[in-house]
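The values are calculated or read from the model by the stated rules, or taken from the named source; none is laboratory data. Just so it is clear, the model here is predicted, and its values are computed rather than measured. For neighbour counting, all protein chains shown are included, and Cβ atoms are generated from backbone atoms with ideal geometry for every residue, glycine included.
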Amino acid sequence: MRINARTRAKFRGAVVGALGARTKKPLSRETPKSIQQIFHPHSRGGPMAAYPQYQMFHELSKLPAERVFRFVKMDQIKAEVLKQPGVAKLVAKNPELAKELEQAVKAAVRERGIKGGKFWIKAPKNYIDKIVRSGKGKPNAMNDKTGEIIASIFGKAIKPRTILDIGTFSGGTVNAVVNKLPMEQRQLLNVVLVDVAGKTVREHAIPALVALGVPRQNIKLIPASFYSAAVSLGEMKRPLHESKQKLFLNQFKQLVGNVDAITAGAATINFATDLKPYLRSIKSLLKKDGVFVNWDWGSAESMRPTVRSAALKKVPIGFSPEGRMVSHYDAYVSFMNFWLTNAFGYPETVINKFIKDVNVSRKFNSFKWLEENTAWAENERRKIGKRKVAGPLAFRNRAYRTPSAMYRAAVAQGFETERPVFPLAKPGALDTGNVNWMIIMKKK
């Protein structure tokens, strides 16, 4: 029997609802227990009661769409979804819908991942400040590198230009970019700031830009996720949990083909579970020869739960500008050092044990290691009097990608680009410079 559009829409809504992504209620409240357990196994107790597992195993649907089903099992999800009354009723009446279940689940996981990243709406500025401190200043240095690149591309010509910054928050990236431009260029600059945390942008990023010489009337805030751009430009369907939310459709449409440069520093790109609508939207907004300069985090932990230890040391994740190899091992242990030492406040004994266990294992699963060693690690942290850190800084799972994954996505969308680099790499050291990569994409 042929399925009509209305029935298919109902089915989509029922599957999205089964995965807890149909309303604005917290995922842990909207999602049936059996499905919530798959995606966020320690969420029922809340961030403090279930600390630190709540943060360590935080919302698997936020992982990259191309990798997430290495971490959660599609067959298990489908079986649980089919048990939900709304879905079961529709399938019983329209058996052909069962053939569409896998695609419906993939779409629903994406919507769940989008919703799972919304904790930043209420995050205060001090969370970013903590990340900058925890990264030993590397985020600021990467922002400065972004500014140097934009300044070099703009050259000395004094003319009006438009910069759009994705995931502005308190303005770390865009302020660093503007600071690298001469005052004559700043005075003619139009700046568009896109971030769900509008209050933080208004209180911090905008005043800083004005102080740098950008006219206040030239600064536009779009207090929305960049997914709103993708929806407004027809690159993806509107998430059901945002059905009553303002999308700022006209603001994005007016920018099509009018943006000289788009910047994103450790920004909402690492919440972009599906890169296709993101990059297509970026390409639409840019002028011909416009550029997208993006730096972010990424290591093998976002590729698969289990890694082969020997291969990590042999295979490059990328290279420094001087051509020094950064191995997957360098990135893997540096990123886990960031999480364990900086995000959770564990002493060196914990990261030392982690590294030792990686080195002696043929195959290593960081999730299993965390499960098995959390009680011991918590005791080690208490010994040195460190407090719990129950905030977004410690929410481990996001759509972090390796630079090669970002490069492939850029090429697939028709951007002109070179291989990403690690500008601050320190191979052989525990340093976030081994995790921070940068890529420049040019619209042909």
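Taken over segment 324-363, the criterion of being farther than 17 Å from residue 436 by Cβ and among the aliphatic types (A, V, I, L, M) is satisfied by 340, 350, 351, 355, 358, 360.
Taking helices (runs of 4 or more DSSP H) as the structural unit, no element lying wholly within segment 25-79 holds at least 3 residues that are farther than 27 Å from residue 403 by Cβ and outside the structural domain of residue 13 (by TED's automatic domain parsing). Residue-level analysis places residue 263 outside the set of residues that are under 20 Å from the mean Cα position of the chain (by Cα) and closer than 30 Å to residue 57 by Cβ.
The set of residues from segment 403-429 being in contact with a helix residue (DSSP H, G or I) (Cβ under 7 Å, 6 or more places away or on another chain), buried (at least 20 other Cβ atoms within 10 Å of the Cβ) and not in a loop (DSSP other than H, G, I, E, B) comprises 409, 410. Residues in segment 346-354 include at least one that is in a loop (DSSP other than H, G, I, E, B), touching a helix residue (DSSP H, G or I) at 6+ places or on another chain (Cβ under 9 Å) and not assigned by TED's automatic domain parsing to the domain that holds residue 53.
Of everything listed in (1) modelled with pLDDT of 95 or more; (2) part of a helix (DSSP H, G or I); (3) more than 20 Å from the chain's Cα centre (by Cα), the single unmet condition for residue 341 is (1). Inspection of segment 211-220 identifies no residue that is in contact (Cβ under 8 Å) with a residue 40 or more places away in the chain and β-branched (Val, Ile, Thr). Examine segment 392-402 for a residue that is surrounded by fewer than 19 Cβ atoms within 10 Å (Cβ to Cβ) and either basic (Lys, Arg) or not assigned by TED's automatic domain parsing to the domain that holds residue 443 (or both), and state whether such a residue exists. No, there is no match, as no residue in segment 392-402 is surrounded by fewer than 19 Cβ atoms within 10 Å (Cβ to Cβ) and either basic (Lys, Arg) or not assigned by TED's automatic domain parsing to the domain that holds residue 443 (or both).
Against the numbered list (1) farther than 19 Å from residue 150 by Cβ; (2) in contact (Cβ under 8 Å) with a residue 12 or more places away in the chain, residue 254 comes up short only at (2).
The listed residues are 46, 20, and the only one of them that is at pLDDT below 90, among the small types (Gly, Ala, Ser) and on the phi > 0 side of the Ramachandran plot turns out to be 46. So for segment 294-306 (the condition being under 26 Å from residue 56 (Cβ atoms) and aliphatic (A, V, I, L, M)), does at least one residue qualify? Yes - at least one qualifying residue is present in segment 294-306. Among the residues of segment 33-42 satisfying the criterion of being more than 20 Å from the chain's Cα centre (by Cα) and crowded, with 17+ Cβ neighbours inside 10 Å, which is modelled with the lowest pLDDT? If we take residues in segment 33-42 being more than 20 Å from the chain's Cα centre (by Cα) and crowded, with 17+ Cβ neighbours inside 10 Å, then 42 is modelled with the lowest pLDDT.
Scanning segment 1-17 for residues that are of a type in the set (D, E, K, R) and at pLDDT 90 or above yields 6, 8, 10, 12. Annotation note: Cβ proximity below 6 Å between a residue of segment 416-444 that is free of Cβ contacts under 8 Å to residues at least 60 places away in the same chain and a residue that is assigned to a loop (DSSP other than H, G, I, E, B) (sequence gap 6+ or interchain) occurs for 416/444. Taking segment 230-324 and the helices (runs of 4 or more DSSP H) fully enclosed by it, the elements with 3 or more residues that are closer than 18 Å to residue 167 by Cα are at 249-254, 275-285. The lone criterion from (1) within 23 Å of residue 24 (Cα to Cα); (2) in contact with a strand residue (DSSP E or B) (Cβ under 7 Å, 6 or more places away or on another chain) left unmet by residue 209 is number (1). For residue 329, the criteria (1) under 24 Å from the mean Cα position of the chain (by Cα); (2) surrounded by fewer than 17 Cβ atoms within 10 Å (Cβ to Cβ) hold in every case but one, which is (2). Count of segment 375-391 residues, restricted to those that are of a type outside the set (D, E, K, R) and surrounded by 17 or more Cβ atoms within 10 Å (Cβ to Cβ), is 3.
Evaluated against (1) modelled with pLDDT under 95; (2) in a strand (DSSP E or B); (3) among the charged types (D, E, K, R), residue 165 falls short on exactly one condition, (1). In the set 81, 91, only one residue is hydrophobic (A, V, I, L, M, F, W, C), surrounded by fewer than 20 Cβ atoms within 10 Å (Cβ to Cβ) and touching a helix residue (DSSP H, G or I) at 6+ places or on another chain (Cβ under 6 Å); that residue is 91. Only one entry of 288, 276, 283 meets the criterion of being at pLDDT 90 or above and more than 15 Å from residue 440 (Cα to Cα), and that entry is 276.
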